[in-house]
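Worksheet: the structure to be examined is printed underneath.
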Amino acid sequence: MFIKNFLKKYGLILFLVAAITFLHYSHESHIHELHGVYKLFFFLPIILGGFRGGKIGGLLVSTTVAAAFYPHAFVSECSSCGSTGDKAIELALYFGVGLLTGTLSDHLMNARNQLQHTLEEKSAMEAELMRSTRMAAVGRLSAGLAHEIRNPLASIQGSAEVLADDFDPDHPKGRMMAILQEEAKRLNSVLTRFLEFARSEPGDRRPFDLKNEADAVAEMIGHHPDYSAVTCGVSGTTGKCLAFANQEQIRQVLLNLALNGAAAAGAGGKVDLRVSIAGNSCSCEVSDSGPGFTTEARDNFGTPFFSTKSQGTGLGLATSLKIVQDQGGTLAPGDSGTEGGLVILVLPTLNADLSPAIDQNRL
């Protein structure tokens, strides 16, 4: 593979060096008056080597040319090659042109890489700005809709509860009233998530043990009536993992991630919360034995109103993402390496550089 790549990069250059060297050493086709032209021809492969291989490539080809030119200029008798000083200067020029061309090529490549990196950062910043603008607009819309809908919904739910007292549970109208109450509660739960998404704020930040929160969430999943058949455990560090964030909001995030994992794993499935600490950050990897993320779900991770669930709103994950970002952390899907889903939560520790956020939080 190395030889193949080397020949692909320098094959033409080596051919040019060999061809020009042949003209120097061939007595049949050799014309002494063309010595000056042959020597100038050597600059062509040197320049190509500098552009293709940078400083190293330029010096490599220059060394090859010097090695090919040296016997003809200094060992054999060459009446038209000039004095010893002239030939030494020619060799120095070979190395100088190779070094100069390679250096310019390296600078050009670095400038191109920096430009590419700048363009990628600019695209990422534009995407984040568009996403933040969209999230802010969705938050304002959510708050307005929830306010307008919640009051009449409370009247509907209260009226359904009063009317349900006039019918037995087995009566057809009694069953319809039960459905009405159940759907009203579900709609109220959706409105609550709307408000949580619209009103989420960083809150007070204090150090807390992330592993304790993971243990508490695992216990909640174990006693959850819908997911009691799902095994939920905590692994990772045995010591404390002190994160610096709002403890209640992070528990809400962990619970939402664990519930999503439990729903994906299904009965008999497994959810694992793996807590670890590295440098100035704590992390919790929430993995499940479900089908994992589709490409569409990965691309729309945290997008409001996108959900793979039939009755999902997508606000739970969007709210979790907003909470974590407000806390100075990150939340993103990971690659489990096997089947199943993986979401990685990363939070800063007290040692992390969060002074601007802390000062703003205390104002």
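Any read-out appearing in this document is the output of simple, stated calculations on the displayed coordinates, not a laboratory observation. Since the structure is predicted, the reported quantities are computational estimates derived from the model, not experimental observations. Positions of Cβ are generated from backbone atoms using ideal geometry, with glycine treated the same way; all protein chains shown enter the neighbour counts.
Based on the Cβ-Cβ distance from Met109 to Ala19, what FRET efficiency comes out when R0 is 22 Å, to the nearest 0.05? After rounding, the FRET efficiency stands at 0.20. Per-residue 3J(HN,Hα) values for segment 3-13, derived from phi via the Karplus relation 6.51 cos²θ - 1.76 cosθ + 1.60 with θ = phi - 60°, read 5, 4, 5, 5, 5, 5, 7, 10, x, 4, 5 Hz in sequence order (x marks Gly and Pro). Remark: segment 49-56, residue by residue, has Karplus-estimated 3J(HN,Hα) of x, x, 6, 7, x, x, 4, 5 Hz, where x stands for each Gly or Pro and the curve is 6.51 cos²θ - 1.76 cosθ + 1.60 at θ = phi - 60°. The string of couplings for segment 330-335 from the Karplus curve (6.51, -1.76, 1.60, θ = phi - 60°) is 10, 9, 7, x, x, 9 Hz, one whole number per residue in order, with x for Gly and Pro.
Residues whose amide H lies under 5 Å from that of Ala332, counting only those 5 or more places away or on a different chain, are Ile344; hydrogens are built 1.01 Å from N in the peptide plane. For a paramagnetic label modelled on Thr63 (point 7 Å from Cα along Cα→Cβ), amide N atoms under 15 Å away belong, within segment 96-110, to 96, 98-99. The lysines within cross-link reach of Lys4, meaning a Cα-to-Cα straight distance under 27 Å and a gap of 8 or more places when in the same chain, are Lys55.
Report the calculated FRET efficiency for Lys9 and Asn280 (r = Cβ-Cβ distance, R0 = 56 Å), to the nearest 0.05. Present the calculation step by step, with values, prior to reporting the outcome.
Values: r = 42 Å, r/R0 = 0.75.
The calculated FRET efficiency here is 0.85.
Remark on Ala245: its backbone amide H falls under 5 Å from those of Arg206, Phe208, a criterion applied only to residues 5 or more positions apart or on other chains, H modelled at 1.01 Å from N. For Val271, the residues 5 or more places off, or on other chains, whose built amide H falls under 5 Å of its own are Thr231, Cys232, Gly233. Sorting 171-184, 271-284 by average packing, meaning the other beta carbons within 10 Å per residue, from highest down gives 271-284, 171-184.
Which order do the peptides 161-170, 84-93, 324-333 come out in when sorted by mean C-beta neighbours inside 10 angstrom, highest first? Each step should come with its number before you reach the end.
Numbers: 161-170: 11.4, 84-93: 13.2, 324-333: 19.0.
Final packing ranking: 324-333, 84-93, 161-170.
Cross-link partners for Lys211 among the lysines, with Cα-Cα distance under 28 Å and sequence neighbours closer than 8 places in the same chain left out: Lys240, Lys270, Lys322.
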